[in-house]
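Chemist: I am attaching a structure below and will ask some questions about it afterwards.
The values are calculated or read from the model by the stated rules, or taken from the named source; none is laboratory data. What you see is a predicted model; the values in this text were computed from it and never measured. Don't worry about glycine lacking a Cβ; one is built from the backbone with ideal geometry, like all the others, and counts go over all protein chains shown. Please note that ligands, DNA and RNA were not included when accessible areas were found on the heavy atoms of the full protein model with its side chains. Shrake-Rupley method; radii C 1.70, N 1.55, O 1.52, S 1.80 Å.
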Amino acid sequence: MLSLRHGQGSDIFINGDVYLGDYKYGRANGYGQYEWFNGSTYSGIFVEGMKHGKGVWKSSSDEITNTYEGSFHKDMKHGSGEFRWASGIYYRG
């Protein structure tokens, strides 16, 4: 019988990505934190393994960091939020 993660846990993926948070039937579901091997991060709500709901995404490329804080829908920025470029310029909508 296949055992699926349920509750809190963590994963370190073969490509170096890391997930720490809630699982439901083997998928990220609930609050979690995901860090990509390149240093980008997402902290917020996951539904069925996708960013979905309120969250904060930060890109990281050496000293340049862009951020988005707001709503996500099926892994995409969607709805109200604020995108802020490393230069300090931002878009809110």
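Chemist: Calculate, in nm to one decimal, what GLU48 and LYS24 gain on full extension: separation in residues at 0.36 nm each, minus their alpha carbon distance.
Modeler: 7.9 nm
Chemist: Excluding the sites themselves, what is the longest stretch of the chain that contains no chymotrypsin sites (Phe, Trp or Tyr not before Pro) in a DSSP loop with at most 16 other C-beta atoms within 10 Å?
Modeler: Longest stretch, sites excluded: 38-84.
Chemist: Write out the GluC sites (Glu not before Pro) in the chain meeting two conditions: DSSP loop, and at most 13 other Cβ atoms within 10 Å of their Cβ.
Modeler: The qualifying sites are GLU48, GLU63.
Chemist: Only loop residues by DSSP count here, and only those with at most 10 other Cβ atoms within 10 Å; note down the trypsin sites (Lys or Arg not before Pro) in the chain that meet that.
Modeler: LYS74
Chemist: Multiply the residue separation of ILE14 and THR67 by 0.36 nm, subtract the distance between their alpha-carbon atoms, and state the gained length in nm to one decimal.
Modeler: 16.5 nm
Chemist: When all protein chains stay in place, what accessible area (Å², nearest 10, 1.4 Å probe) is found for HIS73?
Modeler: Roll a 1.4 Å probe over it and HIS73 shows about 80 Å².
Chemist: Give me a comma-separated list of calculated 3J(HN,Hα) values for segment 51-59, in order, Karplus coefficients 6.51, -1.76, 1.60 applied at θ = phi - 60°, integers in Hz, x for any Gly or Pro.
Modeler: Residue by residue, segment 51-59 yields 5, 7, x, 7, x, 10, 10, 10, 8 Hz.
Chemist: Return the long-range amide H neighbours of HIS78 (sequence gap of 5 or more, or a different chain), with a cut-off of under 5 Å between placed amide H atoms.
Modeler: SER71, PHE72, HIS73
Chemist: Over the chain, with every protein chain in place, what whole percent of the accessible area is carbon and sulfur at 1.4 Å, could you tell me?
Modeler: The C+S portion of the solvent-accessible surface of the chain is 55 percent.
Chemist: Could you work out which residue, out of SER80, SER71, SER59, moves most in a Gaussian network model of the chain, that is, has the largest mean-square fluctuation with Cα springs under 10 Å?
Modeler: It is SER80.
Chemist: Follow-up. Just from the alpha-carbon atoms, what are the Rg and Dmax of the chain in angstroms?
Modeler: 14.3, 52
Chemist: How large is ³J(HN,Hα) for each residue in segment 38-48, as worked out from phi by the Karplus curve 6.51 cos²θ - 1.76 cosθ + 1.60 (θ = phi - 60°), to whole Hz, x for Gly and Pro?
Modeler: 7, x, 5, 9, 9, 10, x, 8, 10, 9, 6
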